[in-house]
Amino acid sequence: MLVDSRVWIDHFRGNTTPQTDFLRDALSTLGQNVLIGNLILAEVLRGFSEIDARRTKSAFDKLECVELAGCELAIKAARNYRALRAKGVTVRSTIDCLIATYCIEARIPLLHGDRDFDPFTEHLGLKAVLV
């Protein structure tokens, strides 16, 4: 499963949500099945001090980091954006659109706590981890 930045940020802040509980369980039992995306990595690390960013990056080094966006995926993400707009849904974040499209294309479930992914689940086949 791919884990969105909001869940990681809550995890590192020590916040308890259904998503962070699920993530903590997955990391302790199924660590090899938890993926970090390059764009998500950037979103998470940008909020840390330099020392904390290094420490956090070393924790991420244990996970497989996947490239979320190349040219082909960017074109598919734009197509998904337009498809949702045609249904009256405006996606607020280009990065979220890229993340959702990556998961749809790769058939990888997404663990998130962000309602912006719901239209991708409802209309485009994104598999969200239900917690």
Return the total of residues in the stretch 81-99 being within 14 Å of Ser5 (Cβ to Cβ) and polar (S, T, N, Q). 2
Scan of the stretch 13-41 for residues that are crowded, with 16+ Cβ neighbours inside 10 Å, assigned to a helix (DSSP H, G or I) and out of contact with any Asp or Glu (no Cβ under 6 Å at 6 or more places or on another chain), ordered by number: Gln19, Phe22, Leu23, Ala26, Leu27, Leu39, Ile40, Leu41
Go through the residues of the stretch 100-113 one by one and say whether even a single one is touching a helix residue (DSSP H, G or I) at 6+ places or on another chain (Cβ under 8 Å), surrounded by 12 or more Cβ atoms within 10 Å (Cβ to Cβ), farther than 14 Å from Ser5 by Cβ and modelled with pLDDT under 95. no
Among the residues listed as Leu2, Leu63, Leu73, the single one being within 14 Å of the chain's Cα centre (by Cα), at pLDDT 95 or above and under 19 Å from Ile108 (Cα atoms): Leu2
Please specify each residue of the stretch 42-56 satisfying the condition of being loosely packed, with under 15 Cβ neighbours inside 10 Å and either in contact with a helix residue (DSSP H, G or I) (Cβ under 8 Å, 6 or more places away or on another chain) or farther than 19 Å from Leu110 by Cα (or both). Arg46, Gly47, Ser49, Glu50, Ile51, Asp52, Ala53, Arg54, Arg55
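The values are calculated or read from the model by the stated rules, or taken from the named source; none is laboratory data. Everything numeric here is computed off the predicted structure, so don't read it as measured data. We place every Cβ from the backbone using ideal geometry, glycine too, and count neighbours over all the protein chains shown.
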